[in-house]
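A quick write-up on the structure given underneath.
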């Protein structure tokens, strides 16, 4: 699946969703976006977008710095003369001339690069295809951009309301809300965190819009960003039709067991890599997660094998558990697992976080 072809139309798969698919699959290669005679090429390395030299014009960047009054026209001209005289790139000439130090220069460069991508977020015409190729050599790239935060930035400035509305769940239908491992790493604005919190309390987008204190347009953008990031999606058909069916619902106790199997897997992995301190690390992660989950989770405890001891009312198989209690409990399960995965990252590094996430996809699903 990771190396499967990726192609289609932007009318069927919006650009931010294409970015997210490349990121989650950790793809390395070249993305081509075509519209009539226009072609745009973007490079990716293990899912991260490369800030490639070939993807932007240095002269346009220099002109933008003058236009925004970051540089005086005379400074820009001096940099151009130095670049021509010494055979430097304009970027190196800006540093050599003392016009900009590296920290603001790279920040401005990344911002310029991102802004060049913004029109693609509103685009519906054209096709895309991804070709797996070796990563760019070091001299051909100036850095990497994290895709989830790029998606948030791009969606916030979108103007194509019809595109946004088309990819949202129908207003009156039940939706699915997820809490993936990367949720706490997203650079959400306060109003987006508010919207995400409210989504956890309503059955559908119609109710969300009735209760939200956001304007309609900003609400749609936030919802679209969540959809592109896999946080918001259509519920399973059974969930919208009435009483749930199938193994996950007809045997809700199995969901609790699956949750604990995942917790035990994380504990076993961390114990193998970090030794006895795994108990302390995951205990602290559980305590931090509990503080945001409300009173029902406050007595949850980490057992010696990594499983979580829950109160009877939090066990999904308890006959008296209401649908709302079950939804709240599932959200709590997601928060705890997210906290544990982040604890692995803090303790062992991002490579181990990725390994744990891949392992969790195979645990507790039978």
Can you name the helices (runs of 4 or more DSSP H) wholly within region 116-207 that have at least 2 residues being over 30 Å from residue 103 (Cα atoms) and modelled with pLDDT under 95? 161-166, 190-199
Sole exception among (1) over 24 Å from residue 68 (Cα atoms); (2) touching a strand residue (DSSP E or B) at 6+ places or on another chain (Cβ under 6 Å) for residue 145, by number: (1)
Among helices (runs of 4 or more DSSP H) lying entirely in region 1-112, which contain 1 or more residues that are touching a residue at least 40 places away in the same chain (Cβ under 8 Å)? 15-24, 58-67, 90-96
Quick one: residue 29 ticks every box in (1) at pLDDT 90 or above; (2) in contact with a strand residue (DSSP E or B) (Cβ under 6 Å, 6 or more places away or on another chain); (3) within 29 Å of residue 222 (Cα to Cα) except a single one, so which number is it? (3)
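The values are calculated or read from the model by the stated rules, or taken from the named source; none is laboratory data. Please read all numbers here as calculations on a predicted model, not as lab measurements. Positions of Cβ are generated from backbone atoms using ideal geometry, with glycine treated the same way; all protein chains shown enter the neighbour counts.
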